Amino acid sequence: MHNRYIYITLLAVLGFNAEEALAQDSIRYAPRLVVSITIDQLRTDYLEAFTPVFGNDGFKRLLRDGLVYENASYPFSKIDRASAISSVHTGASPYYHSIVGEKWLDKETLRPRGCTEDTNSPGVHSPVQLTVSTLSDELKVATGGMAKIFAIAPTADAAVLSAGHAADGAFWLDDWRGFWNGSRYYSNNIPAFIQSFNEIQTSLKKIEKALWQPFNDVSGTFNYYQHIGDQKPFSHAFKGEKKFIDYKTSALINADITELAQQCVASQAMGFDRVTDLLCLTYYAGTFSHEAMTNCQMELQDTYLRLDRELGRLVKGLQEKLGKEHVLFVLTSTGYSDAESADYGKYRVPSGTFYINRTANLLNMYFGAVWGQGRYVETCYGNEIYLNHKLLESKRVSLTDATQRAQEFISQMSGVRNVYTFLQLLGGNNQQIFKIRNGFSPEHNGDILIEVSPGWQLSNEDSHESQLSRASFVQFPIIFYGAGIKGERIKTPVTIDRIAPTISKSIRIRAPNACSQEPLF
């Protein structure tokens, strides 16, 4: 207090207004760079379990010095990479932003459509199907286009959806050619740092020569999981048609993300002035080649250890370059994990197989008996059934009647936990279906949504797809670190749609236009 008095007195002697000086002294400028990190399939239980093998610069630093919300969740279901990343950056649920998944059934063509597929520009990945503004869009608007915004991710959907509509570029690893690619939606030119990574560092040849083995002895011997026999050391080369796709699900992809992130910041001069820039990164913490966890336990452990090292390298490098007070890191998870395989029948756990294609055929036969022959059910996709609206209209059958009859018919089948109609989801305020409704989009989802009982397989014999139904909760954190934020652990449950308004407040811009949640702080 004594020092503060002297400071004010000196300013007064020198002719400065004391109140203005105090106001200037108390102002904390907005971060010069925000690094939004979404880690695909990051889980708190694994994060805590592997702490003994982590270094001091990665997760340990973030958890010790960051503002950590320990119990985060998504306010909708079902969750996948695309719906999760869209929700993080819009502060809204799929009901508003329309990205209900990585792909959905196009109602006009009755064919699956990717979430970043641009029908107006074939072959181009774009955010045109994202129907609301994102954090990056609002930052561009607020700065008159001066903010520099880039997104880097293993996959096109993660890169494009986090970049939003107004970013300067979104980059990902091409599935079939093995080089880092960008979308012509943002620019016709590939930046020099991407070209350099592709040419000088020869990413394609690097992947073809890469050998994924345990990072160190600890990574190859530490075992968090149930001990059911010695784990064999793993060694994976990347060969064949799927080599680049497999590489993107290995621990090695995360080193590329960090390297590109650092080159992007340096080459684009991000964070060097008082106009806030935004860098959106997606890392991977799932299983190798989307295998069941029981088949790649040691690989998953190594993935977390290497991810810890890459986060430490990223944080330390950017803070040394720009200053700790000028960079805000925000980290969270996509909040789901790849489906596990389980032979429940072998251990007499209630289970079975629910065939969605057979159900659709039976429903069509039922409708035919009621209203006369016809193709009342157009198709099925995932856990959804699509009705023929034109035929129902020609038969003078209301959608309300058709969907209610379908709901009653399907709910009596074995393996069905619940059945929802699109009218029920559009108009219902029942808290029991709140999360289902938030994950629903009338433009992209079917007329009937079927919730299969946990432990049962949802199978489609026509598409040869099968998935085990689980209702397990995946715990994950939200972490804010740097830019003057004080470390604290908060156990109060929070939802991820509050990340976008919190960042918006920190950088002094409007929240995305479909975001109705309040900031976390």
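When 138, 320, 461 are compared by accessible area at a 1.4 angstrom probe, the order from most to least is 320, 461, 138.
Ordered by packing density, taken as the mean number of other Cβ atoms within 10 Å over each peptide's residues, highest first, how do 439-447, 183-191 rank?
Working: 439-447: 20.1, 183-191: 16.2.
By packing density, highest mean first, the sequence is 439-447, 183-191.
Extension gain, residue 64-residue 325: 0.36 nm per intervening residue step, less the Cα-Cα distance, totals 92.3 nm. Sequentially through the stretch 282-296, phi angles give Karplus couplings (6.51, -1.76, 1.60; θ = phi - 60°) of 10, 9, 10, 9, x, 7, 5, 6, 6, 6, 5, 4, 5, 8, 8 Hz, Gly and Pro residues having no value and appearing as x.
Put simply, the amide H of residue 377, placed in the peptide plane, has neighbours under 5 Å in 388, leaving out anything fewer than 5 places away on its chain. When the accessible area of the chain is computed with all protein chains present and a 1.4 Å probe, what percentage of it is carbon and sulfur? In the chain, the share of accessible area belonging to carbon and sulfur is 49 percent.
Once the Cα atoms are used to define both axes, helix 2-13 deviates from the longest principal axis of the chain by about 70 degrees.
Computed over protein heavy atoms with a 1.4 angstrom probe, the accessible surface ordering of 456, 104, largest first, is 456, 104. For the residue pairs 206/242; 78/346; 148/486; 321/486; 206/239; 103/243, alpha carbon separations beyond 19 Å are given by 78/346; 148/486; 321/486; 103/243. For mean projected area of the Cα convex hull in nm², the candidate list reads (i) 27.8; (ii) 29.2; (iii) 22.9; the entry that matches the value derived from this model is (ii). What do you get for the angle between helix 81-90 and the principal long axis of the chain? Use alpha-carbon atoms, 0 to 90 degrees, nearest ten. Taking Cα atoms only, the helix is inclined about 50 degrees.
Less than 5 angstrom separates the built amide H of residue 39 from those of 283, 332, 333, 334, all sequence-distant by 5 or more or on a different chain. Can you tally the net charge around residue 157? Count Lys and Arg as +1, Asp and Glu as -1, for every other residue whose Cβ sits under 13 Å from the Cβ of residue 157. Once all neighbours under 13 Å are counted, the net charge is -2.
Stretching the chain fully between residue 206 and residue 357 yields a gain of 50.0 nm (0.36 nm per residue, less the alpha carbon separation).
The gain in end-to-end length when the residue 292 to residue 113 segment is fully stretched comes to 61.8 nm, 0.36 nm per residue minus the alpha carbon separation. The antiparallel fraction among DSSP beta bridges confined to the chain stands at about 50%. Residue-wise HN-Hα couplings along the stretch 449-454, as the Karplus relation 6.51 cos²θ - 1.76 cosθ + 1.60 with θ = phi - 60° gives them from phi, are 10, 10, 8, 7, 4, x Hz; Gly and Pro carry x.
Taking the Cβ-Cβ separation of residue 471 and residue 396 as r and a Förster radius of 56 Å, what is the calculated FRET efficiency to the nearest 0.05?
On the way: r = 39 Å, r/R0 = 0.71.
Efficiency for this residue pair is about 0.90.
Across the stretch 32-44, rounded Karplus estimates of 3J(HN,Hα) from the backbone phi angles (6.51 cos²θ - 1.76 cosθ + 1.60, θ = phi - 60°) give 7, 9, 9, 10, 8, 10, 10, 9, 5, 6, 4, 10, 5 Hz, Gly and Pro being marked x.
If the only charges are +1 at each Lys and Arg Cβ and -1 at each Asp and Glu Cβ, what is the size of the charge dipole of the chain around the Cα centre, to the nearest 20 debye?
Values: 51 positive and 55 negative charges, 80 e Å.
Using only the charged Cβ atoms, the result is roughly 380 debye.
The mean accessible area for residues of the chain, using a 1.4 Å probe and ignoring ligands and nucleic acids, is 47 Å² per residue.
Every helix of 4 or more DSSP H residues in the chain counts as -39500 (n - 2.57), and over all residues that averages to -10000 deg cm²/dmol at 222 nm.
The residue list 385, 362, 271 was ranked by how far each Cα lies along the charge dipole of the chain toward its positive end, using unit charges on Cβ atoms, and 271 comes out on top. Between residue 365 and residue 239, the modelled label-to-label distance comes to 4.8 nm, taking each label 7 Å out from Cα in the direction of the beta carbon. Relative to the longest principal axis of the Cα atoms of the chain, the long axis of helix 253-267 lies at roughly 40 degrees.
The values are calculated or read from the model by the stated rules, or taken from the named source; none is laboratory data. Fair warning: this is a prediction, and the values are worked out from it, not measured in the lab. No Cβ is skipped: glycine too gets one built from the backbone with ideal geometry, and neighbour counts run over all protein chains shown. When the accessible area is computed, the model is the full protein with side chains, heavy atoms only, and any ligands, DNA or RNA have been set aside. Shrake-Rupley method; radii C 1.70, N 1.55, O 1.52, S 1.80 Å.
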